[in-house]
Every structure is written in structure tokens, then in C-alpha cells.
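The block underneath contains the structure these notes are about, expressed in C-alpha cells.
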Amino acid sequence: MLHRQEVQGMLDTEYNEAKVMELFREDGRKEGREERTRDINALNTWLFDSGRVDDVRSAATDELFMKKLFEEYNKCHEIKLSL
């Protein structure tokens, strides 16, 4: 009986560890999405303020073009955005 309880305790620990790790991963994904949203908003605000509405429109559908705009933004600003 003692062996069964020990095995059950080990299984519970492994199950909880997997659950906790998944929660950490989900938190990381959420933070990444929030950071990406902030960076895109900062880029778009800069483009709008610069009168570059067509660039905003193009970046919305062209990931490579958006990357180039991030690089351009980062050359002009102290606070760097993620690419």
C-alpha cells in the first residue's frame, strides 16, 4: 500500500509539473503577443505622424516590408522595437 501511495504521489507531481510548465509557456506567449502589439502600434503611430499612411497599409499585408519599417524605426529611435 505504501508503494502505491508513493507512485501516486510521483504521478501527481509529474502531472502538476506539466500543468505548471504549460501555464508558464502560455504566459510567455501572452507577453510576446502583447509586446508585438505594442511594437506594431508604436510603428504605426510613427508612420501616421510622418504622413506615411500608405506604408501602414502596405505593412499590414507584407511582413517583409513591415520588417524593413521596424529597422528604419529602430535607426531613428532610442527605444528599439522587436522585429
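Every number in this text was worked out from the coordinates using simple rules, so none of it is lab data. Keep in mind that this is a model prediction, so the values were computed, not measured. Counting neighbours? That spans all protein chains shown, and the Cβs are built from the backbone with ideal geometry, glycine included.
Numbers at a glance
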{"item": "Stretch gain in nm, segment E35-D49, where the contour uses 0.36 nm per residue and the Cα spacing is subtracted", "result": "2.9 nm"}
{"item": "Distance in nm between pseudo-label sites at N16 and A42 (7 Å out along the Cβ direction from Cα)", "result": "3.9 nm"}
